[in-house]
Every structure is written in structure tokens, then in C-alpha cells.
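See structure below.
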Amino acid sequence: MSEREPICGNRNYNQKTMTEEAYLKDSVLQRQKLTSQVERAVVQVKDEHLVSKLDPEANSIAIIMKHLAGNMRSRWTDFLTSDGEKPDRNRDAEFESSEKDTRARILESWEDGWSRVFVTIQGLKPADLARNVTIRGESHSVLEAINRQMTHYAVHVGQIVLLAKHYAGSEWRTLSIPRGKSKTFDVSKNGEQLSI
């Protein structure tokens, strides 16, 4: 039998810390991928389609972006010290169309929301993942809160991309591997094209 290095508490602690650091780093990376998808989709949409609805009960791209921006501002402001549902948030207004919903204004609030996300997550330490935060009075570990928000954002990013593709029609430029090109196109984890 080969001799193995004994597992000591300090080594386990270091491995755990490395895993938590990797998780925080990946949380930022995955959110960057989401923002990139929306930005590459929205640039393909005309201004009138940014605020168009498929039917009276549907949300426009602008409304979804406003909702996400409002959610991010609320959730990530004073993330560790105050409830994620801020008293000054007017969630219902996020789902109302307004003449103020210009491309520039929507993108400004969108970028402000994501800035809060990135600054907050990048400022977290591995030990913070076990801390508790509240969202609407419900306790979550920081890790749970990060995952909860990632799921929420991913759902809405998919909606935005689908709407943008619908409105762009035949002018749509794919955000991933083009149809019929799977065997000739491969990407690395960072999105760079690989030569096969």
C-alpha cells in the first residue's frame, strides 16, 4: 500500500475555501454570459420592437429588462445587511409600459442593476457563503440567494432572447452555434472558438 498524506483539518479547510472561491468566481462568469446574451440579442432589435408585446398579457423586452433591473437593484443593494426586497421598490411599476421606456433609459437601468450584482458578488469572501440574508423576510444562505437569483435571471434572459429572435426574423444572428454547424464548430469554456 502506498502511503497517503493524512487529511488534516487545515487541508480540508483550504480545499473548501478554494471550492468556495471557485464558486464565487464562476457566479460572476455565468452572470457575465447572461448579460452578454441579452446585449447581443437586444442590439438586433429595432426600437419599436423593444417595447412591442406579442399579446396584451405578454411582456415586452423593455418590461422584462426593467423588471430585472428593479430586482437587481433591490436584491443586491446592501445585500448582506438588509432584506432583498427594498421598501422603495415598486415591482408592479416594472411591468407597466411608459413613454420613458427608451432604449437608452432601459439600458442605463439594466447596466446599473448588473453593476450592483457584480460589485456585490466580487466583494464576497468564501466565509460569506454560509451567512444568512433575507429576501421578503425569508432567510437564505448567501449561496442559496445567489442561486435563486441566477435561476430567476436565466428564465428572463431566455424570454428576452426568444423575443429578440422573433422580432429580428431572418436578420437574426445566432448567439451560439449556428444551426447545422455543430460538427464544425466547437467552443471552449470561455467562449473562444477551438480549432478541431
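All of the numbers you see were taken from the coordinates with simple rules; none came from a lab. No experiment lies behind these values; they were computed from the predicted model shown. Ideal geometry is used to build each Cβ from the backbone, glycine not excepted, and the neighbour counts take in all protein chains shown.
Which of rounded, prolate or oblate describes segment 12-171 when judged by the alpha-carbon gyration tensor and an a/c cut-off of 1.5?
prolate
Once the other residues with Cβ under 15 Å from the Cβ of Glu99 are scored (Lys, Arg +1; Asp, Glu -1), what is the net sum?
0
At what distance in nm do the modelled label points of Asn147 and Leu29 sit from each other, each positioned 7 Å from its Cα along Cα→Cβ?
For Asn147 paired with Leu29, the spin-label model returns 1.9 nm.
Pull out the extension gain between Glu57 and Glu39, defined as 0.36 nm times the separation in residues minus the alpha carbon to alpha carbon distance; nm, one decimal.
Contour length minus the Cα-Cα distance gives 4.0 nm.
Give me Phe95, Phe79 sorted ascending by neighbouring Cβ count inside 10 Å, so fewest comes first.
Ordered from fewest to most neighbouring Cβ atoms within 10 Å, Phe95, Phe79 come out as Phe95, Phe79.
Go ahead and run the numbers for FRET between Thr174 and Ala93, Cβ-Cβ distance against an R0 of 35 Å, rounding to 0.05.
0.55
Count the net charge of all other residues whose Cβ sits under 14 Å from the Cβ of Asn71, scoring Lys and Arg as +1 and Asp and Glu as -1.
+4
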